[in-house]
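**Q** Have a look at the structure that comes next, please.
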Amino acid sequence: MNQDRIHDIYRPVPQRIADFEEVERHFSGAEIRSQAERCMHCGIPFCHGSGCPLGNVIPEFNEAVAKGNDNLAYAILSETSFFPEFTSRVCPALCEGSCTHGIDEEPVMIRQCEKYIIETAFANHLVKPIIPEKRNGMKIAVVGSGPSGLYMAEALNRKGFHVTVFEKNHAPGGLLRYGIPDFKLNKKIIDRRIRIMEAEGIHFETDTEIGKDISADYLHSRFDAVVLAIGTPAARDLKIPGRELQGIHFALEFLQGQNRVNAGELSELPVNAKNKRVLVIGGGDTGSDCVGTAIRQGAESVLQIEIMPQPPEKRSPSTPWPMWPYMLRTSSSQKEGCGRRWNVISKEFLGRDGKVCALKAASAKWEFSKDGKPLKFTEIPDSEEIIEADLVLLAMGFTGVPKEGLVSQLGLEQTSRNTLLADPARKIFTTGDCTNGASLVVRAMADAKKAADILEAQLEINPSSSILHNL
């Protein structure tokens, strides 16, 4: 408990903004062991119960790391998490928000411990294909290869199903590959895992969009069950005057373009921030990813605005421990040279020669609950201003799944939030964001873990019919 948390976790700013390599620096084994020693091995580990959606047994793998038993640490972690190399890079570490050490001090560095465990396991050749010795003869189609699709495929394969994953893009990974920037998740990490999954018997069909290249009915007739893991592709728009102007793009259009250029799928950027005044509307992780990407493309300036009020510097009373704390956070991208403003209402896009040149904005005044939770806002009179911008990126979240195409062909019902309702009677299942709405990678994976069990039960498969072994 006398050991301080390490705060120096990134490569120097001038170095990292010159490339798209991962921003986090390498941690030595000694550094990670010293951080694992900070774990207090609580009587009730809230990090495990309240924090981690996957139920990772965190105190136990921390203890193994602290004692230098890296093989045991991997054995413990891999019992609950199929892809820790992903979550240890892109998860906001919900577990750390529930860490007992974080009540009065700073929480344990759990995410970096997890990353050390899985990368050490790969270096020591401990991560091997896991193949069921006995197959149950049933074929499952998983549509979508994002976090929930990959997790679902792995879970079902281990249960003895023959799994085929369909992906409309050129390579598997979904949001992991085409949404999250390379500087947060190097795509070689995805390729490494896909090779293992293929060795396990999972088949990937890429460049194949269900509902267009293959009809949903055809797919449904060829497989014993279909699992939709298609995320929430419909981005939230900002329908204000001037929206039709050139130079206003959705965040994922911008992020995907850079990732595809990095991968060699495109020769030039469809949306380029070079020498432009970039305005990012939306204060979440996707907006932050736009900030880091724009800086690396050579933007003249980057400003990120948010209609919500600025969060408090420390945990808000509205989210007491062990809840995920509502508080101010600054990402690695925002530390690279980005202006940030809160309480900004977007009113109208202004243009010149058909191209956006500014945003007319105003200031919001928020009302708060007694415990500090923002409730509603009003516009402050006479607060209008002009924010100049040559490129506007909309990063305001997602609104669900479009009815057209696949959903319509399968005749699926949707909720009021445009998420999907599974139809187990017709052997159609859903998982991840398309079921629950846009959320975190780790939550999508946790939902897939549960959905795989539901599918197995619905198809009346004996859970003991598959015996796993490592190659």
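**Q** Which residue pairs have Cβ atoms closer than 9 Å, lie 6 or more positions apart in sequence or on different chains, and pair a first residue in segment 438-457 that is within 15 Å of Gly144 (Cβ to Cβ) with a second residue that is modelled with pLDDT under 95 and open to solvent by less than 10 Å² (accessible area, probe 1.4 Å)?
**A** Ala438/Gly400
Residue-wise test of (1) among the β-branched types (Val, Ile, Thr); (2) more than 16 Å from Ala448 (Cβ to Cβ); (3) open to solvent by 30 Å² or more (accessible area, probe 1.4 Å).
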{"position": "Pro84", "(1), (2), (3)": "no, no, no"}
{"position": "Leu94", "(1), (2), (3)": "no, yes, no"}
{"position": "Ser98", "(1), (2), (3)": "no, yes, no"}
{"position": "Glu106", "(1), (2), (3)": "no, yes, yes"}
{"position": "Arg111", "(1), (2), (3)": "no, yes, yes"}
{"position": "Arg135", "(1), (2), (3)": "no, yes, yes"}
{"position": "Ser148", "(1), (2), (3)": "no, no, no"}
{"position": "Leu156", "(1), (2), (3)": "no, no, no"}
{"position": "Lys159", "(1), (2), (3)": "no, no, yes"}
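**Q** Can you tell me which of Met445, Met396 is under 20 Å from the mean Cα position of the chain (by Cα), more than 30 Å from Lys355 (Cβ to Cβ) and not basic (Lys, Arg)?
**A** Met445
Residue-by-condition table, conditions (1) closer than 23 Å to Ser439 by Cα; (2) in contact (Cβ under 8 Å) with a residue 40 or more places away in the chain:
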| position | (1), (2) |
| --- | --- |
| Ile58 | yes, yes |
| Ala64 | no, no |
| Ala73 | no, yes |
| Phe83 | yes, yes |
| Arg111 | yes, no |
| Ile131 | no, yes |
| Gly146 | yes, yes |
| Met152 | yes, yes |
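**Q** Determine, yes or no, whether Trp342 is in contact with a strand residue (DSSP E or B) (Cβ under 9 Å, 6 or more places away or on another chain), open to solvent by less than 60 Å² (accessible area, probe 1.4 Å) and more than 21 Å from Ile248 (Cα to Cα).
**A** Taking the combined requirement at face value, the residue does not satisfy it.
**Q** Of all residues in segment 302-339, which are surrounded by fewer than 17 Cβ atoms within 10 Å (Cβ to Cβ) and under 18 Å from Ala389 (Cα atoms)?
**A** Gly337, Gly339
**Q** Let me ask you something else. Within the group Ser369, Ser331, which residue is of a type outside the set (Lys, Arg), modelled with pLDDT of 95 or more and either under 30 Å from Gly49 (Cα atoms) or touching a helix residue (DSSP H, G or I) at 6+ places or on another chain (Cβ under 6 Å) (or both)?
**A** Step by step, each of Ser369, Ser331 is checked, and only Ser331 is of a type outside the set (Lys, Arg), modelled with pLDDT of 95 or more and either under 30 Å from Gly49 (Cα atoms) or touching a helix residue (DSSP H, G or I) at 6+ places or on another chain (Cβ under 6 Å) (or both).
**Q** Oh, and also: What's the number of the condition Pro59 fails, among (1) outside any loop (DSSP other than H, G, I, E, B); (2) touching a His at 6+ places or on another chain (Cβ under 9 Å); (3) modelled with pLDDT under 95?
**A** Result: Pro59 passes all but (3).
**Q** Looking only at strands (runs of 3 or more DSSP E) that fall completely inside segment 328-383, which ones have 2 or more residues that are more than 21 Å from Ser288 (Cβ to Cβ) and in contact (Cβ under 8 Å) with a residue 60 or more places away in the chain?
**A** Passing ranges, in order: 344-352, 355-368.
**Q** Considering only residues that are in a loop (DSSP other than H, G, I, E, B) and open to solvent by less than 80 Å² (accessible area, probe 1.4 Å), which ones fall in segment 13-41? Walk me through it before giving the result.
**A** Residues of segment 13-41 in a loop (DSSP other than H, G, I, E, B): 17-23, 25-28, 37-41.
Once the filter is applied, which keeps residues that are in a loop (DSSP other than H, G, I, E, B) and open to solvent by less than 80 Å² (accessible area, probe 1.4 Å), segment 13-41 yields Ile17, Asp19, Phe20, Glu22, Val23, Arg25, Phe27, Ser28, Arg38, Cys39, Met40.
**Q** Another question, then. Within segment 395-423, count every residue that is closer than 18 Å to Phe250 by Cβ, part of a loop (DSSP other than H, G, I, E, B) and among the polar types (S, T, N, Q). Show your work before the answer.
**A** Narrowing segment 395-423 to residues closer than 18 Å to Phe250 by Cβ: 395-402, 404, 418.
With part of a loop (DSSP other than H, G, I, E, B) added as a condition, the list becomes 395-397, 401-402, 404, 418.
Keeping just the survivors that are among the polar types (S, T, N, Q) gives 418.
Count: 1.
**Q** Any residue in segment 1-28 that's of a type in the set (Ser, Thr, Tyr): show its pairings with residues that are at pLDDT 95 or above at Cβ separation under 9 Å, as long as the two are six or more apart or on different chains.
**A** What qualifies is Tyr10/Arg16; Tyr10/Val23; Tyr10/Glu24; Tyr10/Arg25; Tyr10/Ser332; Tyr10/Lys335.
The values are calculated or read from the model by the stated rules, or taken from the named source; none is laboratory data. None of these values were measured; they are calculated from a predicted model. In this analysis, Cβ positions are derived from the backbone assuming ideal geometry, glycine residues included, and neighbour counts consider all displayed protein chains. The protein model used for the area step is the full one, side chains on, heavy atoms only, and it has no ligands, DNA or RNA in it. Shrake-Rupley method; radii C 1.70, N 1.55, O 1.52, S 1.80 Å.
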